[in-house]
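Peer 1: Following this message is one structure expressed as C-alpha coordinates.
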Amino acid sequence: MENKHAIIIIKNKNGEYLQYYDSRWDCYLFPNCKIDDNLNIKNVEEAISGLNVNVIDISMKMDKVHTKFSQSAKVNKEYHHYFYLVKVDDEKNIMINKEFMINGINYKWFSYKKLLDDKKIREVNSDIIEFVKEIENM
(Lines give C-alpha, C1' and ligand atoms only; values in the text may rest on other atoms or scores of the structure.)
Protein backbone atom coordinates (compact mmCIF):
# COMPACT_ATOMS: atom_id res chain seq x y z
CA MET A 1 0.00 0.00 0.00
CA GLU A 2 1.47 3.33 -0.99
CA ASN A 3 1.57 6.34 1.31
CA LYS A 4 0.49 9.55 -0.40
CA HIS A 5 2.18 12.73 0.74
CA ALA A 6 2.48 16.26 -0.55
CA ILE A 7 6.02 17.62 -0.37
CA ILE A 8 5.70 21.37 0.04
CA ILE A 9 8.49 23.36 -1.57
CA ILE A 10 8.70 26.91 -0.25
CA LYS A 11 11.62 28.82 -1.73
CA ASN A 12 12.58 32.33 -0.66
CA LYS A 13 13.98 35.13 -2.81
CA ASN A 14 17.53 34.03 -1.86
CA GLY A 15 16.96 30.60 -3.42
CA GLU A 16 16.75 28.83 -0.06
CA TYR A 17 14.25 26.12 0.86
CA LEU A 18 12.18 26.13 4.02
CA GLN A 19 12.70 23.09 6.25
CA TYR A 20 11.19 22.17 9.60
CA TYR A 21 12.81 20.05 12.29
CA ASP A 22 11.12 16.69 12.80
CA SER A 23 12.19 15.08 16.07
CA ARG A 24 10.90 11.66 15.03
CA TRP A 25 13.31 11.64 12.07
CA ASP A 26 15.89 13.75 13.98
CA CYS A 27 16.30 15.79 10.83
CA TYR A 28 15.18 18.87 8.94
CA LEU A 29 12.56 18.03 6.28
CA PHE A 30 10.46 19.80 3.69
CA PRO A 31 7.01 20.66 5.04
CA ASN A 32 4.61 17.92 4.03
CA CYS A 33 1.15 16.52 4.59
CA LYS A 34 -0.91 13.47 3.77
CA ILE A 35 -3.21 13.79 0.78
CA ASP A 36 -5.83 11.72 -0.99
CA ASP A 37 -5.12 12.72 -4.58
CA ASN A 38 -2.73 14.83 -6.62
CA LEU A 39 -4.86 17.99 -6.64
CA ASN A 40 -5.45 18.19 -2.91
CA ILE A 41 -4.54 21.87 -2.61
CA LYS A 42 -6.72 22.31 0.51
CA ASN A 43 -4.49 19.96 2.55
CA VAL A 44 -1.41 21.84 1.38
CA GLU A 45 -3.01 25.18 2.34
CA GLU A 46 -3.94 23.80 5.77
CA ALA A 47 -0.43 22.41 6.30
CA ILE A 48 1.16 25.84 5.80
CA SER A 49 -1.60 27.94 7.38
CA GLY A 50 0.29 28.12 10.68
CA LEU A 51 3.15 29.94 8.98
CA ASN A 52 0.91 33.00 8.61
CA VAL A 53 2.23 33.84 5.16
CA ASN A 54 0.60 35.43 2.18
CA VAL A 55 0.36 32.59 -0.34
CA ILE A 56 0.74 33.90 -3.88
CA ASP A 57 0.44 30.59 -5.75
CA ILE A 58 0.34 26.82 -5.18
CA SER A 59 0.99 24.46 -8.05
CA MET A 60 1.60 20.73 -8.28
CA LYS A 61 4.83 20.22 -10.24
CA MET A 62 5.28 16.44 -10.43
CA ASP A 63 4.74 13.18 -8.63
CA LYS A 64 7.01 10.23 -7.96
CA VAL A 65 6.38 6.74 -6.61
CA HIS A 66 9.35 5.19 -4.85
CA THR A 67 10.32 2.86 -2.02
CA LYS A 68 12.08 4.27 1.00
CA PHE A 69 13.02 3.11 4.48
CA SER A 70 10.59 4.44 7.08
CA GLN A 71 12.40 5.56 10.22
CA SER A 72 9.25 5.32 12.31
CA ALA A 73 8.06 1.89 11.08
CA LYS A 74 11.60 0.49 10.56
CA VAL A 75 10.57 -1.10 7.24
CA ASN A 76 10.65 -0.16 3.56
CA LYS A 77 7.46 1.57 2.44
CA GLU A 78 6.16 2.65 -0.92
CA TYR A 79 5.55 6.38 -1.12
CA HIS A 80 3.71 8.40 -3.70
CA HIS A 81 5.00 11.95 -3.32
CA TYR A 82 3.28 14.90 -4.96
CA PHE A 83 5.54 17.93 -5.18
CA TYR A 84 3.87 21.30 -4.70
CA LEU A 85 5.66 24.58 -5.29
CA VAL A 86 4.29 27.27 -2.98
CA LYS A 87 5.11 30.89 -3.72
CA VAL A 88 4.75 33.14 -0.70
CA ASP A 89 5.29 36.81 0.06
CA ASP A 90 7.87 36.47 2.84
CA GLU A 91 8.94 40.12 2.95
CA LYS A 92 7.10 41.20 6.11
CA ASN A 93 7.06 38.03 8.14
CA ILE A 94 9.04 36.03 10.64
CA MET A 95 10.13 33.94 7.66
CA ILE A 96 12.71 36.58 6.74
CA ASN A 97 14.84 35.21 9.60
CA LYS A 98 17.30 32.41 8.78
CA GLU A 99 15.92 30.34 11.66
CA PHE A 100 12.66 30.80 13.54
CA MET A 101 10.08 28.97 15.64
CA ILE A 102 6.31 28.90 15.17
CA ASN A 103 4.01 26.97 17.51
CA GLY A 104 6.96 25.06 18.98
CA ILE A 105 8.27 23.95 15.57
CA ASN A 106 11.78 24.96 14.49
CA TYR A 107 12.15 26.17 10.91
CA LYS A 108 15.29 26.93 8.97
CA TRP A 109 16.18 28.06 5.44
CA PHE A 110 18.68 25.88 3.55
CA SER A 111 20.37 26.51 0.23
CA TYR A 112 20.42 23.48 -2.08
CA LYS A 113 24.14 23.12 -1.36
CA LYS A 114 23.55 23.13 2.41
CA LEU A 115 20.88 20.45 2.01
CA LEU A 116 23.43 18.31 0.18
CA ASP A 117 26.21 19.12 2.67
CA ASP A 118 24.17 18.10 5.73
CA LYS A 119 24.99 14.44 6.43
CA LYS A 120 21.75 13.67 8.28
CA ILE A 121 19.55 15.31 5.63
CA ARG A 122 21.38 13.35 2.90
CA GLU A 123 20.91 10.13 4.86
CA VAL A 124 17.20 10.65 5.50
CA ASN A 125 16.00 12.73 2.57
CA SER A 126 18.39 12.53 -0.38
CA ASP A 127 15.64 11.17 -2.64
CA ILE A 128 13.41 14.18 -1.99
CA ILE A 129 16.31 16.59 -2.51
CA GLU A 130 17.03 15.01 -5.89
CA PHE A 131 13.36 15.26 -6.89
CA VAL A 132 13.37 18.96 -5.96
CA LYS A 133 16.42 19.42 -8.19
CA GLU A 134 14.46 17.81 -11.04
CA ILE A 135 11.73 20.39 -10.53
CA GLU A 136 14.28 23.20 -10.60
CA ASN A 137 15.57 21.92 -13.94
CA MET A 138 12.11 21.71 -15.55
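Peer 1: Identify the residues of the stretch 61-101 with backbone N under 18 Å of a label point that sits 7 angstrom from the Cα of Asp26 along the Cα-to-Cβ direction, or state none.
Peer 2: Residues 69-75 fall inside that zone.
Peer 1: Right, here's the next one. Could you compute the net charge surrounding Asp57? Neighbours are other residues with a C-beta less than 13 Å from the C-beta of Asp57; K and R count +1, D and E count -1.
Peer 2: With Lys, Arg at +1 and Asp, Glu at -1, the net is +1.
Peer 1: What trypsin sites (Lys or Arg not before Pro) in the stretch 92-138 are in a loop by DSSP, with at most 15 other Cβ atoms within 10 Å of the Cβ?
Peer 2: Qualifying residues, ordered by number: Lys92, Lys98.
Peer 1: In the stretch 53-112, what chymotrypsin sites (Phe, Trp or Tyr not before Pro) fall in a loop by DSSP, with at most 13 other Cβ atoms inside 10 Å?
Peer 2: Within the stretch 53-112, no chymotrypsin sites (Phe, Trp or Tyr not before Pro) qualify (loop, at most 13 other Cβ atoms within 10 Å).
Peer 1: Taking the simple approach of a point 7 Å from Cα along Cα-to-Cβ for both Glu78 and Asp36, what is their distance in nm?
Peer 2: Simple spin-label model gives 2.1 nm for this pair.
Peer 1: Determine the per residue accessible area of the chain with all protein chains present and a 1.4 angstrom probe, expressed in square angstrom.
Peer 2: The answer is 56 Å² per residue.
Peer 1: May I have the pair-distance distribution P(r) for the stretch 94-138, computed from all Cα-Cα distances with 5 Å bins from 0 and rounded to whole percent?
Peer 2: 5, 19, 22, 20, 20, 12, 2, 0
Peer 1: Please find, in a Gaussian network model of the chain (springs between Cα atoms separated by less than 10 Å), the residue of Lys42, Lys87, Lys68 whose mean-square fluctuation is greatest.
Peer 2: Answer for the Gaussian network model of the chain: Lys42.
Peer 1: Specify which residue in the list His81, Ile35, Ile58 is farthest towards the positive end of the charge dipole of the chain, using unit charges on the beta carbon of Lys, Arg (+1) and Asp, Glu (-1), about the Cα centre.
Peer 2: Positive-most Cα among the choices belongs to His81.
Peer 1: Asp63 versus Lys114, label points 7 Å from Cα toward the beta carbon: distance in nm?
Peer 2: Each label point lies 7 Å from its Cα, and together they span 3.2 nm.
Peer 1: With no solvent and one point per C-alpha, what does the Debye sum give as log10 I(q)/I(0) for the stretch 1-45 at q = 0.26, 0.31 Å⁻¹?
Peer 2: -0.99, -1.07
Peer 1: Then there is this: Could you pull the accessible area for Asp118 with a 1.4 Å probe, rounded to 10 Å²?
Peer 2: Solvent-accessible area, nearest 10 Å²: 50 Å².
Peer 1: Let me ask something else about it. Using a 1.4 Å probe over the heavy atoms of the protein chains, calculate the carbon and sulfur portion of the accessible area of the chain as a whole percent.
Peer 2: Ligands and nucleic acids excluded, carbon and sulfur give 46 percent.
Peer 1: So what's the net charge close to Lys114: Lys and Arg +1, Asp and Glu -1, counting the other residues with Cβ under 13 Å from its Cβ?
Peer 2: +2
Peer 1: Over the alpha-carbon set of the chain, divide Rg by the Kirkwood Rh and report the Rg/Rh ratio to two decimals.
Peer 2: My calculation of the ratio gives 0.93.
Peer 1: If each of Asn14 and Asp127 carries a label point 7 Å out from its Cα toward its Cβ, how far apart are those two points in nm?
Peer 2: 3.1
Peer 1: Can you give me the relative contact order of the chain as a percent, contacts being Cα pairs under 8 Å and 6 or more apart?
Peer 2: It rounds to 30 percent for the chain.
The values are calculated or read from the model by the stated rules, or taken from the named source; none is laboratory data. All of these numbers come straight from a predicted model, not from anything done at the bench. When we count neighbours, we look across all protein chains shown, and the Cβ atoms used for this are built from the backbone with ideal geometry, even at glycine. Only protein heavy atoms, including side chains, enter the accessible area calculation; ligands, DNA and RNA are left aside. Shrake-Rupley method; radii C 1.70, N 1.55, O 1.52, S 1.80 Å.
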